[in-house]
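Reading through the structure tokens given below for one structure.
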Amino acid sequence: MNFTDLSAGALAAICGVFGLCVGSFLNVAIYRLPKEGLKVWSPARSFCPGCRRQLEWSENVPVLSWVVQGGRCRGCRGRISVRYPLVELLTGATWAGLGWITPADEWPMLAVRLLVVSALTVATFVDFDCFEIPDEVSIGGMWVAPVVSLLVPELHRDSLVARWVADGGEPGRGAAVAASLAGIAVGAGVLLAIGWVGERLMGKEAMGLGDVKLLGAAGGFIGPGGALVALVLASMVGAVAGIGNIARFYCLLRSRVHARRRSTPRGKSLAIAKACGQMLPFGPYLALGTLVVLLYGKSLGSWF
Ligand SMILES: [Zn+2]
């Protein structure tokens, strides 16, 4: 039996199991990448951030170890964040989903999708933690994208630029690399431009350089049109999340005002809620937009 004969269910199961283990590695990357002096590959063995003790293999089993140990380190009994098993579950679920929707005979596309979704997961959680996106993901992605496009040109088969370079025919390797480079330029360029205009209008930094580099890397994989669509999606979801966050802060502030029987005016609470609630990282929404375009770019393109 060939790999390409695998049913969608079997492929999803295999991807899901590998995804759980990769999620365990992504946790390491999320923890170590933003920290000076810690490399993803060294020390090679995982350690407890609390007591610095090296972990046994039985403490490294995805999800299960956390459940068996009741969310605590075996050595120092310190709490281990529930986010570790959640990132493993999320990675297992996204990998299984990609295995389910990507036919086995399109395995090069499956490999690219698994790579991109894993990198986006790291960018998302580091950005939530530290309001920055590691260069290893963003700049690394900009280097890797044209190479991947050369190896898997079908990544850009729906791209207008690739079709234009290929004179309307099926895009070859050259056309795919051209689409990838154009995607990097447009993705990074459009956010740089928005940031420049925003800075002139508001008099403060409007766009983080991490977001610029991330959309550049994303454009390398989804092409220039895809980068623009991903940005529109990210802005829409980000705006909804921002409003939700402001509402959350406002309700929190008002409930405190009531509890302490103060007479703070509603306008002042709203101003504080706005100032706090707007502090949201943009990277996670860019990552979400990129993933949606990567999977459903063709139907989205015709819809737009
Ligand atoms: Zn410990």
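The values are calculated or read from the model by the stated rules, or taken from the named source; none is laboratory data. Quick caveat: nothing in here was measured; it's all calculated off a predicted structure. With ideal geometry, Cβ positions are generated from the backbone for all residues, glycine too; neighbour counts draw on all protein chains shown.
Summary table
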quantity: Set 255, 235, 180: member being farther than 21 Å from residue 280 by Cβ, under 23 Å from the mean Cα position of the chain (by Cα) and in a helix (DSSP H, G or I); calculated: 180
quantity: Unmet criterion (only one of (1) of a type in the set (Ser, Thr, Tyr); (2) assigned to a helix (DSSP H, G or I); (3) farther than 25 Å from residue 146 by Cβ) for residue 81; calculated: (2)
quantity: Tabulated pairs, segment 39-56, first more than 16 Å from residue 72 (Cβ to Cβ), second within 11 Å of the ligand (Cβ to nearest atom), C-beta under 6 angstrom, 6+ apart or interchain; calculated: 45/54; 54/47
quantity: Residue within segment 66-86 that is away from the ligand (no atom under 16 Å from the Cβ) and over 20 Å from the mean Cα position of the chain (by Cα) present; calculated: yes
quantity: Of all residues making up segment 229-254, the number that are more than 13 Å from residue 288 (Cα to Cα) and in contact with a Gly (Cβ under 9 Å, 6 or more places away or on another chain); calculated: 9
quantity: Selected residue [at negative phi and touching a Leu at 6+ places or on another chain (Cβ under 6 Å)] from 32, 45, 72, 53; calculated: 32
quantity: Out of 44, 93, 10, sole residue that is assigned to a loop (DSSP other than H, G, I, E, B), more than 16 Å from the ligand (Cβ to nearest atom) and aliphatic (A, V, I, L, M); calculated: 44
quantity: Check on residue 222, in the same structural domain as residue 150 (by TED's automatic domain parsing), surrounded by fewer than 20 Cβ atoms within 10 Å (Cβ to Cβ) and closer than 22 Å to residue 145 by Cβ; calculated: no
quantity: Residue check, residue 101 of a type in the set (Val, Ile, Thr) and away from the ligand (no atom under 16 Å from the Cβ); calculated: yes
quantity: Residues that are within 16 Å of the ligand (Cβ to nearest atom) and in contact with a helix residue (DSSP H, G or I) (Cβ under 9 Å, 6 or more places away or on another chain), drawn from segment 13-30; calculated: 27
quantity: Test: residue in segment 146-159 that is in contact with a Gly (Cβ under 7 Å, 6 or more places away or on another chain), free of Cβ contacts under 8 Å to residues at least 40 places away in the same chain and either in a helix (DSSP H, G or I) or under 19 Å from residue 285 (Cα atoms) (or both); calculated: yes
quantity: Residue within segment 195-206 that is on the phi > 0 side of the Ramachandran plot and surrounded by 13 or more Cβ atoms within 10 Å (Cβ to Cβ) present; calculated: no
quantity: Filtered residue count, segment 259-289, keeping only those that are farther than 30 Å from residue 227 by Cα and of a type outside the set (A, V, I, L, M); calculated: 10
